[in-house]
Structures are given as structure tokens and as C-alpha cells.
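One structure is given below, encoded as C-alpha cells.
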Amino acid sequence: MKKIIYILAGVIALGVIGNLLNPRKKEEDKLNKEEKKSTTVDIKKKSDMELDDSDFWTLYDPIVKQRVYKLIEKKDCQGLQKEFDVTAENMDRLQKAGKSASRNIELMDFLENKMKEFDCH
């Protein structure tokens, strides 16, 4: 009977010692899982503005693109119409001065398509 108790005590002792040494491995596994989660969470979805690499944007100050995309995010029909009107006025001025206004036409097309997409008119 004493032998069985000693054997059981030995098995229990080995189990306890094993658990004392094993948490380090469990902690490492937990840290690895957290690292994987954080890298997946850190990946950001690119915004429409970042994905839009239309050539005509290179002819404008980045602030124009930001301003237009803020209006698009808000689905602001009045703001888009004002931006369209300002672009049309600028195009008229350039044409009267004998300069090319092709960039304005491209921006106006872009704005018009967005306004149609939002059923602005």
C-alpha cells in the first residue's frame, strides 16, 4: 500500500513540476498569438482616396483631392456641385486666356459621375 502511495505522490509531484515549467511555453504561445492578432489588426483598409490614382490628380494640389473626397464621404451633393462650379469657372478663365483646361474637364467629369452616383440631380 505504501508503494502505491509513493508512486501516486511521485506522479503528482512530476505533474506539478511539469506545470511549473510549462507556463513559460504557454505564455510564449499566448504572446505569439497576440502578435499575430496585432499584425492583422494593424493592416488598414485603404480609403477610396488612396486607391484613386487617376492621372489628373497629379495636376492638382493634394488638398483639392482631400477636399473632394471629404465631400464624397459625406455624400454632400451641394458641396460637390460647388466644387464642379468652381472648376468650370476656372476652366472658362483658362480658356479665355488661351490656355489648356483639360485637367478641369477631367475633374468635372469625375465630379459629375459622383453626383450621378449619389442621385444629386
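The values are calculated or read from the model by the stated rules, or taken from the named source; none is laboratory data. Predicted model only: the values in this text are computed from it and were never measured. Cβ atoms come from the backbone with ideal geometry, glycine included; neighbour counts cover every protein chain shown. We work out accessible area using only protein heavy atoms, side chains counted, and drop any ligands, DNA or RNA first. Shrake-Rupley method; radii C 1.70, N 1.55, O 1.52, S 1.80 Å.
Okay, here's what the table says:
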{"item": "Global geometry of the stretch 73-116, whether rounded, prolate or oblate, following the gyration tensor of its Cα atoms and the 1.5 cut on a/c", "result": "prolate"}
{"item": "Charge sum, other residues only, whose C-beta stays under 12 Å from Asp53's C-beta, Lys/Arg counted +1 and Asp/Glu -1", "result": "-2"}
{"item": "Most to least accessible of Asp76, Asp52 (protein chains only, probe 1.4 Å)", "result": "Asp76, Asp52"}
{"item": "Accessible area (Å², 1.4 Å probe, nearest 10) - Ser100", "result": "90 Å²"}
{"item": "Summed side-chain charge close to Lys99 - residues other than Lys99 whose Cβ falls under 13 Å, Lys, Arg +1, Asp, Glu -1", "result": "+2"}
{"item": "Ranked order, Lys65, Lys75 - accessible area, probe 1.4 Å, largest first", "result": "Lys75, Lys65"}
{"item": "Extension gain, Gln81 back to Lys99 (0.36 nm per residue minus Cα-Cα distance, nm)", "result": "4.1 nm"}
{"item": "Estimated vicinal HN-Hα couplings, Hz - the stretch 96-103 in sequence order (Karplus 6.51, -1.76, 1.60; Gly, Pro = x)", "result": "5, 7, x, 9, 6, 10, 4, 4"}
{"item": "Fully extended contour minus Cα-Cα distance, from Ala88 to Lys46, at 0.36 nm per residue", "result": "12.1 nm"}
